[in-house]
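Here the structure comes first, spelled out in structure tokens, and everything after it is commentary.
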Amino acid sequence: MRIRAITLRILQQFIHDKRTMALMFLAPLIVLSLMSLVFNGDDYKPVIGVTGSAVNLSASLESHQAEVKEYNTAELGKEALQEGTLDAVITLEGTSPEVILEGSNPTSNRAVMMILEKTLHDHLPASQGTVQQPVISYMYGSADMKTIDRFGPIMIGVFVFFFVFLIAGVSFLRERTTGTLERLLSTPLKRWEIVIGYVCGFGIFTVFQALLISWFSIQVLGILMTGSFVYVMLMTLLLSMTALTLGTLLSAFAANELQMIQFIPLIIVPQIFLSGLFPLDTLPLWLQRVGLATPLYYGADAMMDIMIRGKGWSDIALDVYMLIGFSLLFMALNVLALRKHRKM
């Protein structure tokens, strides 16, 4: 009987907590649906630039599901490759093609090489029964780039975002449940002053966390780093501030730590899938647009530009402004969310 009583109490507790019930049953279905869309997306269609005599390969490349862009000179093709609009540039002198791969995305590298191999079999003459092997070079990275070098920049952003979001949300929730926030709201302090105070207080610790994670990843784990460490610090700090403001915002809608943790599969997991770990080009258009509305996408994009491509301010400026915009938006929403807690 005593065991039965405990069991019934737990069941009643869950049944009356409609938010927990919804997250328990709906969140896994949403995440699984997202996984299905990501892993069952269309095959990656590389964008290949051709110059010189390689223009003659355009029809064959397109027949093998590549998007082809023709350029008058190899320099124009290389400029497009640097701008990120191409996955590879092919030039042809004689029977041996020269291929420059963008290099930062193994998925696009493999797709380009598979299509090129089929194209060479279709068009180029064989020598002693074998097709002339192309000369391969890389704009960024190299043939022996490790998996951690490719995904490391993204995962640095993911870990920073995840831990700051969770810790800030739970900490701010504890401030509310213990009555500290209510006492602050009963003082002459304005809501925006309370929000900025909390953000600054938590933010000091996020600076040290961002520094530690970045330093450990690059100096200890040896993840590829071709850009400026200062820019890496800037991006991890901005990701931390965005996660901090988002975590404190969502904590206003959680009644306890369990409900705060339950936001993870709905808020964090989709952003990880859409952050660049998988090519967005293979996803449905509506899902690509969802990815463009997530903070982690811009943080991961900038980290890739800095650590793998070695780019500077002009290339990450948009990502910086977007993360600042997200932080300011979440802070403004935090101020509005505090209205429900102020006792008049």
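Under 7 Å by Cβ, and 6 or more places apart or on different chains, what pairs join a residue from the range 74-92 that is under 14 Å from Val112 (Cβ atoms) with one that is of a type in the set (Lys, Arg) and at pLDDT 85 or above?
Leu86/Lys69; Val89/Lys78
Give all pairs with beta carbons closer than 6 Å in which a residue from the range 262-280 that is within 14 Å of Leu32 (Cα to Cα) meets a residue that is of a type in the set (Val, Ile, Thr) and surrounded by fewer than 18 Cβ atoms within 10 Å (Cβ to Cβ); count only pairs at least 6 apart in sequence or on separate chains.
So the pair list comes out as Pro265/Val31; Val269/Val31.
For Leu8, only one of the following conditions fails: (1) touching a strand residue (DSSP E or B) at 6+ places or on another chain (Cβ under 9 Å); (2) open to solvent by 60 Å² or more (accessible area, probe 1.4 Å); (3) hydrophobic (A, V, I, L, M, F, W, C). What is its number?
Every condition holds for Leu8 apart from (1).
Name the single residue that is farthest from Asp281 (Cα to Cα) among those in the range 83-93 being at pLDDT 85 or above and of a type outside the set (Val, Ile, Thr).
Residue satisfying both the conditions and the ranking: Ala88.
On the basis of being touching a Leu at 6+ places or on another chain (Cβ under 6 Å), among the acidic types (Asp, Glu) and closer than 21 Å to Gly247 by Cα, does Glu182 make the cut? Reasoning before the result, please.
Working: touching a Leu at 6+ places or on another chain (Cβ under 6 Å): no; among the acidic types (Asp, Glu): yes; closer than 21 Å to Gly247 by Cα: yes.
Criteria not met by Glu182.
In this structure, is Ser96 over 26 Å from the mean Cα position of the chain (by Cα), surrounded by fewer than 16 Cβ atoms within 10 Å (Cβ to Cβ) and at pLDDT 85 or above?
Details: over 26 Å from the mean Cα position of the chain (by Cα): yes; surrounded by fewer than 16 Cβ atoms within 10 Å (Cβ to Cβ): yes; at pLDDT 85 or above: no.
Spelling it out, it is not the case that Ser96 is over 26 Å from the mean Cα position of the chain (by Cα), surrounded by fewer than 16 Cβ atoms within 10 Å (Cβ to Cβ) and at pLDDT 85 or above.
Assess whether Leu239 counts as being in a helix (DSSP H, G or I), in contact (Cβ under 8 Å) with a residue 12 or more places away in the chain and open to solvent by 10 Å² or more (accessible area, probe 1.4 Å).
On the way: in a helix (DSSP H, G or I): yes; in contact (Cβ under 8 Å) with a residue 12 or more places away in the chain: yes; open to solvent by 10 Å² or more (accessible area, probe 1.4 Å): no.
Here the answer is no, as Leu239 does not meet what is asked.
Checking Ala27 against (1) aliphatic (A, V, I, L, M); (2) open to solvent by 40 Å² or more (accessible area, probe 1.4 Å); (3) over 22 Å from Pro279 (Cα atoms); (4) touching a residue at least 60 places away in the same chain (Cβ under 8 Å), which test does it fail?
(2)
Within the range 152-184, work out how many residues are surrounded by fewer than 18 Cβ atoms within 10 Å (Cβ to Cβ) and of a type in the set (A, V, I, L, M).
2
Output the residues belonging to the range 144-195 that are outside any helix (DSSP H, G or I), closer than 30 Å to Tyr231 by Cα and among the basic types (Lys, Arg). If you could, list the steps in order and put the result at the bottom.
Step one: list which residues in the range 144-195 are outside any helix (DSSP H, G or I), which gives 144-146, 178-179, 186-190.
Still in the list and also closer than 30 Å to Tyr231 by Cα: 144-146.
If the condition is that a residue be outside any helix (DSSP H, G or I), closer than 30 Å to Tyr231 by Cα and among the basic types (Lys, Arg), then Lys146 is the only one that fits.
Only residues that are open to solvent by less than 50 Å² (accessible area, probe 1.4 Å) and either over 17 Å from Lys78 (Cα atoms) or at pLDDT below 75 (or both): list them for the range 99-126, please. Steps first, please.
So the first thing to find is which residues in the range 99-126 are open to solvent by less than 50 Å² (accessible area, probe 1.4 Å), and the list is 99-109, 111-112, 115-116, 119-120, 124.
Pro106, Thr107, Ala111, Ile115, Leu116, Thr119, Leu120, Leu124, listed by residue number.
Taking the condition within 23 Å of Arg176 (Cβ to Cβ), in contact with a helix residue (DSSP H, G or I) (Cβ under 9 Å, 6 or more places away or on another chain) and at pLDDT 90 or above, does Met241 pass? Give the steps one after another, and end with the answer.
Working: within 23 Å of Arg176 (Cβ to Cβ): yes; in contact with a helix residue (DSSP H, G or I) (Cβ under 9 Å, 6 or more places away or on another chain): yes; at pLDDT 90 or above: yes.
Criteria met by Met241.
Just the residues that are modelled with pLDDT of 80 or more, under 16 Å from Ala54 (Cβ atoms) and of a type outside the set (S, T, N, Q), please, taken from the range 127-154.
Pro134, Val135, Ile136
So, in the range 16-59, how many residues would count as being more than 30 Å from Trp286 (Cα to Cα), at pLDDT 75 or above, of a type outside the set (Ser, Thr, Tyr) and part of a helix (DSSP H, G or I)?
5
Name every residue in the range 277-325 that is outside any loop (DSSP other than H, G, I, E, B), β-branched (Val, Ile, Thr), open to solvent by less than 10 Å² (accessible area, probe 1.4 Å) and in contact with an Asp or Glu (Cβ under 8 Å, 6 or more places away or on another chain), in order of residue number.
First pass over the range 277-325, keeping only residues outside any loop (DSSP other than H, G, I, E, B): 277, 280-282, 285-291, 295-307, 313-325.
From what is left, the residues that are β-branched (Val, Ile, Thr) are 282, 290, 306, 316, 320, 324.
Then keep just the ones that are open to solvent by less than 10 Å² (accessible area, probe 1.4 Å); that gives 306, 316, 320.
The answer is Ile316, and nothing else.
The values are calculated or read from the model by the stated rules, or taken from the named source; none is laboratory data. Everything numeric in this text was worked out from a predicted model, so none of it was measured. All Cβ positions, glycine included, derive from the backbone under ideal geometry; neighbour counts span all protein chains shown. The protein model used for the area step is the full one, side chains on, heavy atoms only, and it has no ligands, DNA or RNA in it. Shrake-Rupley method; radii C 1.70, N 1.55, O 1.52, S 1.80 Å.
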